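Visitor: Below is the structure I would like to discuss, written out as structure tokens.
The values are calculated or read from the model by the stated rules, or taken from the named source; none is laboratory data. Model, not experiment: these values are computed from the prediction. With ideal geometry, Cβ positions are generated from the backbone for all residues, glycine too; neighbour counts draw on all protein chains shown. Heavy atoms of the whole protein, side chains included, go into the accessibility calculation; ligands, DNA and RNA do not. Shrake-Rupley method; radii C 1.70, N 1.55, O 1.52, S 1.80 Å.
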Amino acid sequence: MIKAEIITIGDEILYGQITDTNTQWISAELDKIGIKTVRKSSVGDTEEAILTIFSEASSRADVVLVTGGLGPTKDDITKKTFCKFFGTELAVHELALIDLKAFFQKRGREVTGLNLGQAELPLNATYIQNKLGTAPGMWFEHNGVIYISMPGVPYEMKGLMSDAILPRLQGHFKTPTIFHQIIRTVGIGESILAEKIADWEDALPENIKLAYLPSMGSVKLRLTGFGENEEDIKTQVAAEVQKLIPIVEEFIYALEDIELEVAVGRLLKEKGFTVSTAESCTGGYLAHQFTKVAGSSSYYWGSIISYDNSVKINQLGVKPETLDQFGAVSEETIIQMAENVRQRLGTDFGLATSGIAGPNGGLSDKPVGTIWIAVATKDNTFTQKLQLGGFREQNIHLTSINILNLLRKVLK
């Protein structure tokens, strides 16, 4: 396996002034061509720190990819540090200078003294043209390790990677073919899921590995196949997926990397159904989950956010005596909310949420995290009581996941 290390350079990253999105994108692209990222590091704009991380990376990786520190100002020291690391010096690279002048000329601008310095490269660097900016990419080969330097601006880096660096890496290394298959599950915890599929996992072929990728409310399974022939690997992985499905079919909502709201939206669209929501404790978050999906206007019609009981009564038609007798957080109330929003907005399904999101407001019989959800159809209403934790944002998020999953089950 070819190993890579990714290094980002810049004080602004360490200070939290900008978010480093480069390393995630680079590692994902390297994975597609069979190169495994073994480490990611960030260092500031100091020569000592950069030299240290270069030296450490060379002992761990076959490829070291570096982003940042290639600008024209004095705080951008990556090129000078590469010179010190390799024991060489900067010199004007003629092709880099031609491309730099053409870049500015095309935009009707003069090349300044500072920008002319960007055509200076370490003598041992192989020049890689940056078609989207003024800082060129550089390729070095030293003691059996490839070093690649790219600008930190994400769209410039991606252009260099896609157009030049990834194809060059594929030509330089003989890498295995890697194929990933994602299985998205919901409604089951990681440990319980692992127990259910333990025998299946133990029987996986040597060239297929399983990874558990849990997130709030769901678990993503990733099957990774390794081999020489892509079609053979895909066939192998597909066969293992077919063995898995009967074991945990009720919890699988997609055989691709999509979110639950996308999968539910597809079901609604395929069946020609519409949905509306009545929200109390989620305060519009459930509506947001629907509407952030492109094309959701074909199945999602609207919401009534009934945070106060007066809105539940006046806009949703919840009976005052129901609220007096059972309270807002009750199965009786949630049923009326779901059924009435469905009728009032004229949709096939009505969804409702009501609960104590926290961190305050809990009672002895209804502690923080007590949530009721409901899905109403023309003929039936399905309810579920959730007993979540004491964290408000987490409760809101998990409530939305649970009601989307309840709707998914009804649709199926």
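Visitor: Tell me, which residue of the range 59-76 that is open to solvent by 40 Å² or more (accessible area, probe 1.4 Å) and not β-branched (Val, Ile, Thr) is modelled with the highest pLDDT?
Guide: This residue is Asp62.
Visitor: Would you check if Gln394 is within 35 Å of the chain's Cα centre (by Cα) and without any contact (Cβ under 8 Å) to a residue 24 or more places away in the chain?
Guide: No: the conditions fail for Gln394.
Visitor: Among strands (runs of 3 or more DSSP E) lying entirely in the range 192-308, which contain 2 or more residues that are under 26 Å from Lys32 (Cβ atoms)?
Guide: 208-215, 218-227, 252-254
Visitor: Sticking with this one: Residues to consider are Glu120, Glu141; find the one that is without any contact (Cβ under 8 Å) to a residue 24 or more places away in the chain and acidic (Asp, Glu).
Guide: When all the criteria are applied, what remains is Glu141.
Visitor: Check whether at least one residue in the range 257-266 is acidic (Asp, Glu) and open to solvent by less than 20 Å² (accessible area, probe 1.4 Å), and report yes or no.
Guide: yes
Visitor: Kindly check whether there is at least one residue in the range 28-41 that is under 20 Å from Pro136 (Cα atoms) and buried (at least 19 other Cβ atoms within 10 Å of the Cβ).
Guide: no
Visitor: Looking only at the range 177-190, which residues are outside any strand (DSSP E or B) and open to solvent by 40 Å² or more (accessible area, probe 1.4 Å)?
Guide: Gly187, Glu190
Visitor: Just checking, which of Ala338, Ala352, Ala357 is in contact with a helix residue (DSSP H, G or I) (Cβ under 6 Å, 6 or more places away or on another chain), within 22 Å of Leu267 (Cβ to Cβ) and open to solvent by less than 40 Å² (accessible area, probe 1.4 Å)?
Guide: Just one listed residue meets the conditions, Ala352.
Visitor: List every residue pair whose Cβ atoms sit under 7 Å apart, with the two residues 6 or more apart in sequence or on different chains, where the first one lies in the range 86-99 and is farther than 12 Å from Met138 by Cβ and the second, anywhere, is crowded, with 16+ Cβ neighbours inside 10 Å and among the hydroxyl-bearing types (Ser, Thr, Tyr).
Guide: Leu95/Tyr127
Visitor: If you don't mind, there's one more thing I want to ask. If we only count strands (runs of 3 or more DSSP E) wholly inside the range 325-412, which ones have 1 or more residues that are within 27 Å of Gly189 (Cβ to Cβ) and small (Gly, Ala, Ser)?
Guide: It comes to 349-355, 370-376.
Visitor: List the number of the failed condition for Lys79; all other conditions in (1) closer than 15 Å to Met138 by Cβ; (2) open to solvent by 50 Å² or more (accessible area, probe 1.4 Å); (3) touching a Ser or Thr at 6+ places or on another chain (Cβ under 8 Å) hold.
Guide: (2)
Visitor: Is it the case that the range 310-333 has a residue that's touching a helix residue (DSSP H, G or I) at 6+ places or on another chain (Cβ under 8 Å), open to solvent by 30 Å² or more (accessible area, probe 1.4 Å), touching a residue at least 24 places away in the same chain (Cβ under 8 Å) and within 24 Å of Leu411 (Cα to Cα)?
Guide: Within the range 310-333, none of the residues are touching a helix residue (DSSP H, G or I) at 6+ places or on another chain (Cβ under 8 Å), open to solvent by 30 Å² or more (accessible area, probe 1.4 Å), touching a residue at least 24 places away in the same chain (Cβ under 8 Å) and within 24 Å of Leu411 (Cα to Cα).
Visitor: Could I ask something else about it? Suppose the filter is out of contact with any Pro (no Cβ under 9 Å at 6 or more places or on another chain), open to solvent by less than 30 Å² (accessible area, probe 1.4 Å) and without any contact (Cβ under 8 Å) to a residue 24 or more places away in the chain; does Ala198 pass it?
Guide: Taking the combined requirement at face value, the residue does not satisfy it.
Visitor: Something else now. Go through (1) of a type in the set (A, V, I, L, M, F, W, C); (2) open to solvent by 60 Å² or more (accessible area, probe 1.4 Å); (3) over 15 Å from Gly283 (Cβ atoms) and name the single condition Leu345 misses.
Guide: (2)
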